[in-house]
1. Just one of (1) in a helix (DSSP H, G or I); (2) closer than 28 Å to residue 450 by Cα trips up residue 270, so point out which.
2. Only one residue in 212, 265 is assigned to a strand (DSSP E or B), buried (at least 22 other Cβ atoms within 10 Å of the Cβ) and touching a residue at least 24 places away in the same chain (Cβ under 8 Å). Which one?
3. How many residues, within region 322-343, are outside any helix (DSSP H, G or I) and either within 25 Å of residue 419 (Cβ to Cβ) or of a type in the set (A, V, I, L, M) (or both)?
4. May I ask you to list the residues in region 286-321 that are of a type in the set (D, E, K, R), crowded, with 20+ Cβ neighbours inside 10 Å and not in a helix (DSSP H, G or I)?
5. Residue check: is residue 112 in contact (Cβ under 8 Å) with a residue 12 or more places away in the chain, in a loop (DSSP other than H, G, I, E, B) and either under 24 Å from residue 222 (Cα atoms) or out of contact with any Gly (no Cβ under 6 Å at 6 or more places or on another chain) (or both)?
6. Looking at 432, 439 in this structure, which one is surrounded by fewer than 24 Cβ atoms within 10 Å (Cβ to Cβ), part of a strand (DSSP E or B) and in contact (Cβ under 8 Å) with a residue 60 or more places away in the chain?
7. Please state which one of 303, 317 is in contact with a Pro (Cβ under 8 Å, 6 or more places away or on another chain) and either closer than 26 Å to residue 471 by Cα or not aromatic (Phe, Trp, Tyr) (or both).
8. Only residues that are buried (at least 22 other Cβ atoms within 10 Å of the Cβ) and aromatic (Phe, Trp, Tyr): list them for region 161-180, please.
Amino acid sequence: MFRSEGDVMGQARPRRPDLGGRSTVYGTRGAVACEHPQAALAGIRALDAGGTAADACVAMAACMTVLAPMTTGMGGDAFLLFYEAGTGRVLGANGSGGAPRSATIEKLISRGIKEIPERGGLAVTVPGAVRLWEEAAERLGRLPLAELLEPARTMADDGFPVSEVVARYWEAGKDLLRKNEAAARALLPKDRAPVAGEIFHMRDFANTLGAVATDGADAFYKGEIARSIARAAQDGGGYLSEEDLAAHETTWVEPIFTDYRGIRVYEIPPPGQGIAALEMLNILEGFDMAGLGATSAERIHHEAEAKKLAFQDLYDEIGDPEFWRHTEIPTERLLSKEYAQDLRARISPDRASGRVAEPALGEDTTYLCAVDAEGNGCSFINSLYMGFGSGIVAPGTGVRLQNRGHSFSLDPDHPNSLVPEKRPMHTIIPGLVTQDGALWAVFGNMGGPMQPQGHAQVISNLVDHDMTPQEAVDHPRHFHSGGTLLIEGRVPEEEIQKLRDMGHEVEVGTDYVVPVGGAQLIRMQENGVRAAGSDPRKDGCALAQ
């Protein structure tokens, strides 16, 4: 059980190694946190070479497409938040692609399709990650894209040892990969998933990375690679075309935010689910969260109930704002403190509410973050949506195609309905925090619908429970989905029983259970020291200069 300040015989909280686990990593210049040590090392080397936090994140994101091919890839989407130290501005970028231009509800219904399947070509939307990599490097970085992609290209070409968590995910996805000839050839060359410690090569993918390094993102969105991607999606029953790929652009956005007990928390605006994290924080701000035990039933209850209310709004209100035909998405109203007060009044202090409607969201993503010597901060997330995305690999490229289109509704009156070129309601959300205009933290928590819940829980750990970055990402998390509240095994049994007595349907998992996601975090201390933590539920680490 985690012990908070004063829990141990009235003494100060014991430090490592008393409680075991990992230490917070401290540095005076730059810092990175990522889900794989080799990717984190690429990020630190980018900083060592004079790169910015954005350069470090692009380098790490590219490496993760090699090191964790089921969670992220060039065939997926990406988002970032960037704190500009020189101006104090927070910038946002939406690197997600839309539905194919020829994909319509009418066409799918005429084919007898009642909902977009999880896998296959119909679920493939335009991948936006590669264009965002290029624009992030050009607009926010100092190093050439080719230099940032070289560590990933080398890993893919020379081979890399498969890590433990990734090996487990790979094994879970092998049956899906066997359904697509190019996927099986690229990712199951021995007709099995690689085991931990085994060297794995991705030479076609290395060539694709090399082409983008040489000729920029256009090498991906136009020409032979684009032709292979479009053909693979169409052969799988989808509508993605070369024209869809060639027309894709990154959208630079004004981030949304809310203030929580003296800090300002930023998220990417709709169609992302970051607005739910901010709604949850607004609701929770009205409760004495610091007065509740960090692993108490009361804390978990309040967070789960706030989640239900915020996710009902996700289902009812959130879609691509450029295509929501009936009215504007009421972002300002949803983020208002007055609205949060109304929602808060609906939460019973000791009884769980019933199940609410919520969007069906995938769970496989990679999150990473960096702070550089100048104090710029970058929060970055890259995803294929579900494990191995659509299950389709574009022949000759090694590119796994995402299945983001699965989240579209075929109800034309739904805010997340399928419309040509429309972006789906998005799961992947980077987080960034300032205090009095200065960078306070970059953070995120991958894991589909866990992401807003993880954002709120990690922020509460830091602010309400005074945890260090490593403690904040290590601390037991809980995940509410559908009608079930998943609790990690480190929560005391008496607290679990209290939750059941409140009416929660509780499932108790292992001490570090996968569905609560993987968090990465870098905090800026008042003395300028960077303090970083990396989730033990993943293979990665934090590193600092």
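The values are calculated or read from the model by the stated rules, or taken from the named source; none is laboratory data. Fair warning: this is a prediction, and the values are worked out from it, not measured in the lab. When we count neighbours, we look across all protein chains shown, and the Cβ atoms used for this are built from the backbone with ideal geometry, even at glycine.
1. Here residue 270 meets the rest and fails (1).
2. Working: 212 fails: assigned to a strand (DSSP E or B).
Testing whether each residue is assigned to a strand (DSSP E or B), buried (at least 22 other Cβ atoms within 10 Å of the Cβ) and touching a residue at least 24 places away in the same chain (Cβ under 8 Å) leaves just 265.
3. Filtering region 322-343 for residues outside any helix (DSSP H, G or I) gives 322-330, 335-336.
Filter once more, so that each one left must be either within 25 Å of residue 419 (Cβ to Cβ) or of a type in the set (A, V, I, L, M) (or both): 322-330, 335.
Going through region 322-343 one residue at a time, the tally reaches 10.
4. Of everything in region 286-321, just one residue is of a type in the set (D, E, K, R), crowded, with 20+ Cβ neighbours inside 10 Å and not in a helix (DSSP H, G or I), namely 320.
5. Considered against the rule, which asks whether it is in contact (Cβ under 8 Å) with a residue 12 or more places away in the chain, in a loop (DSSP other than H, G, I, E, B) and either under 24 Å from residue 222 (Cα atoms) or out of contact with any Gly (no Cβ under 6 Å at 6 or more places or on another chain) (or both), residue 112 comes out as no.
6. Working: 432 fails: surrounded by fewer than 24 Cβ atoms within 10 Å (Cβ to Cβ).
That would be 439, the only listed residue that is surrounded by fewer than 24 Cβ atoms within 10 Å (Cβ to Cβ), part of a strand (DSSP E or B) and in contact (Cβ under 8 Å) with a residue 60 or more places away in the chain.
7. Numbers: 303 fails: in contact with a Pro (Cβ under 8 Å, 6 or more places away or on another chain).
Going through 303, 317 in turn, the sole match is 317.
8. 170
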